[in-house]
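S.K.: Quick one: the structure is below, questions incoming.
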Amino acid sequence: MVFLQKQFYPLCIIFQMTMNTTSPKVQLLYDLCKTTFSNSGLSSSASSQSIQILCSLLDTFTPADVGLKEGNPIDDEGHGRVARCTQPITYLHIHECDGFTMCIFCFPTSSVIPLHDHPEMTVFSKVLYGSLHVKSYDWIEPTCIRESTEPGCPQVRLARLVMDKVFTAPCRTSVLYPKSGGNLHCFTAVSPCAVLDVLAPPYREDLGRKCTYYIDYPFSTSGNGAQISNGKEEDYAWLAETETPDDLYMQPGVYVGPPIQV
């Protein structure tokens, strides 16, 4: 316990000091991420308290803290008559370094980021406004894979459902870890919404952190012989890798919130 207190003490002091300053919250978030993450994700000195402090800061964020106003930015630009299905998700880049990425996704109603993974990554997601449906899975260990007997059908891997719920702002920050917390997830906008994300470390294909997309199938489709040790069949699914979906419609936007000093 004494060891944990020594590791926790510097971060606690940093959090107290930053929250008492007039610096923009996005600057405080950057400073805290620099302390919390190394080039490979969570630093060696990070603890569960470190995660809690970062979540506590993210919990206080509002759209105004990152230069947004509640609502669909596409509508704000005068394109509200455009069909919802043709409106893109807007990606706003705030900062990226070897240790972490800070970014925002702005969703029009009914838009979807399909089921995908975050290999060896810890991800913090804070809904800034609107409502977002999140469905997430974790892989079952030891690995359970089924090969299809039908030509052209992909192999599938067993995963357990972690979350299937709607987050409506204001709400608390959600966290997923490399092997728990719903590392594979899908986002669907119930209403126009925005999500502030911190990914640590960032996606980087040359280091094995490639974003892979999946399709989920009910357990009953390939469940013969598979062992379920906890829960019901409805709590499990078979996931098959797929190509990047053609209907993933995303465009870059311009971050207009407070600048950060690196």
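S.K.: Going residue by residue through the stretch 179-189, is there one that turns out to be at positive phi and either in contact (Cβ under 8 Å) with a residue 60 or more places away in the chain or in a loop (DSSP other than H, G, I, E, B) (or both)?
M.R.: Narrowing the stretch 179-189 to residues at positive phi: 181-182.
Still in the running and either in contact (Cβ under 8 Å) with a residue 60 or more places away in the chain or in a loop (DSSP other than H, G, I, E, B) (or both): 181-182.
The answer is yes; a qualifying residue exists.
S.K.: For the stretch 192-224, which residues satisfy the criterion of being in a helix (DSSP H, G or I) and either of a type in the set (Val, Ile, Thr) or surrounded by fewer than 14 Cβ atoms within 10 Å (Cβ to Cβ) (or both)?
M.R.: 205, 206, 220, 221 - these are the residues of the stretch 192-224 that are in a helix (DSSP H, G or I) and either of a type in the set (Val, Ile, Thr) or surrounded by fewer than 14 Cβ atoms within 10 Å (Cβ to Cβ) (or both).
S.K.: Which one is nearest to the chain's Cα centre (by Cα) among residues in the stretch 237-252 that are surrounded by 11 or more Cβ atoms within 10 Å (Cβ to Cβ) and not in a loop (DSSP other than H, G, I, E, B)?
M.R.: Filtering the stretch 237-252 for residues that are surrounded by 11 or more Cβ atoms within 10 Å (Cβ to Cβ) and not in a loop (DSSP other than H, G, I, E, B), the one nearest to the chain's Cα centre (by Cα) comes out as 250.
S.K.: So if I check each of 157, 172, which one is in a loop (DSSP other than H, G, I, E, B), among the basic types (Lys, Arg) and in contact (Cβ under 8 Å) with a residue 60 or more places away in the chain?
M.R.: Numbers: 157 fails: in a loop (DSSP other than H, G, I, E, B).
The unique qualifying residue is 172.
S.K.: Does residue 7 qualify as being closer than 24 Å to residue 201 by Cβ and either outside any helix (DSSP H, G or I) or modelled with pLDDT of 65 or more (or both)? First the steps, then the outcome.
M.R.: On the way: closer than 24 Å to residue 201 by Cβ: yes; either outside any helix (DSSP H, G or I) or modelled with pLDDT of 65 or more (or both): no.
It is false that residue 7 is closer than 24 Å to residue 201 by Cβ and either outside any helix (DSSP H, G or I) or modelled with pLDDT of 65 or more (or both).
S.K.: Let me ask another. It is to be established whether one or more residues within the stretch 242-253 are farther than 23 Å from residue 91 by Cα, in contact with a strand residue (DSSP E or B) (Cβ under 9 Å, 6 or more places away or on another chain) and not aromatic (Phe, Trp, Tyr).
M.R.: Within the stretch 242-253, the first condition is being farther than 23 Å from residue 91 by Cα, and the residues that meet it are none.
For the stretch 242-253, residues farther than 23 Å from residue 91 by Cα, in contact with a strand residue (DSSP E or B) (Cβ under 9 Å, 6 or more places away or on another chain) and not aromatic (Phe, Trp, Tyr): absent.
S.K.: Just the residues that are assigned to a loop (DSSP other than H, G, I, E, B) and either under 12 Å from the mean Cα position of the chain (by Cα) or crowded, with 17+ Cβ neighbours inside 10 Å (or both), please, taken from the stretch 141-154.
M.R.: Applying the first criterion (assigned to a loop (DSSP other than H, G, I, E, B)) to the stretch 141-154 yields 141-144, 147-154.
Passing the criteria: only 144.
S.K.: With the structure loaded, tell me whether residue 126 is surrounded by fewer than 19 Cβ atoms within 10 Å (Cβ to Cβ), on the phi < 0 side of the Ramachandran plot, under 15 Å from the mean Cα position of the chain (by Cα) and touching a residue at least 24 places away in the same chain (Cβ under 8 Å) or whether it fails that test.
M.R.: Values: surrounded by fewer than 19 Cβ atoms within 10 Å (Cβ to Cβ): no; on the phi < 0 side of the Ramachandran plot: yes; under 15 Å from the mean Cα position of the chain (by Cα): yes; touching a residue at least 24 places away in the same chain (Cβ under 8 Å): yes.
The answer is no for residue 126.
S.K.: Any residue that is over 20 Å from residue 220 (Cα atoms), modelled with pLDDT of 95 or more and either among the hydroxyl-bearing types (Ser, Thr, Tyr) or touching a Cys at 6+ places or on another chain (Cβ under 8 Å) (or both) - is there at least one of those in the stretch 156-167? Explain how you work it out, then say what you get.
M.R.: Let us first name the residues in the stretch 156-167 that are over 20 Å from residue 220 (Cα atoms), namely 165-167.
Next, only the ones that are modelled with pLDDT of 95 or more stay: 165-167.
Pick out the ones that are also either among the hydroxyl-bearing types (Ser, Thr, Tyr) or touching a Cys at 6+ places or on another chain (Cβ under 8 Å) (or both) and you get none.
Checking the stretch 156-167: not a single residue is over 20 Å from residue 220 (Cα atoms), modelled with pLDDT of 95 or more and either among the hydroxyl-bearing types (Ser, Thr, Tyr) or touching a Cys at 6+ places or on another chain (Cβ under 8 Å) (or both).
S.K.: A follow-up question, please. Considering only the stretch 68-75, I want to know if a residue exists there that is among the basic types (Lys, Arg), assigned to a loop (DSSP other than H, G, I, E, B) and either touching a Cys at 6+ places or on another chain (Cβ under 6 Å) or at pLDDT below 85 (or both). So that I can check it myself, show each step before the final result.
M.R.: As a first pass, look at the stretch 68-75 and keep what is among the basic types (Lys, Arg): 69.
Pick out the ones that are also assigned to a loop (DSSP other than H, G, I, E, B) and you get 69.
Filter once more, keeping what is either touching a Cys at 6+ places or on another chain (Cβ under 6 Å) or at pLDDT below 85 (or both): none.
The answer is no; no qualifying residue exists.
The values are calculated or read from the model by the stated rules, or taken from the named source; none is laboratory data. In this text, all values refer to a predicted model and were calculated from it rather than measured experimentally. With ideal geometry, Cβ positions are generated from the backbone for all residues, glycine too; neighbour counts draw on all protein chains shown.
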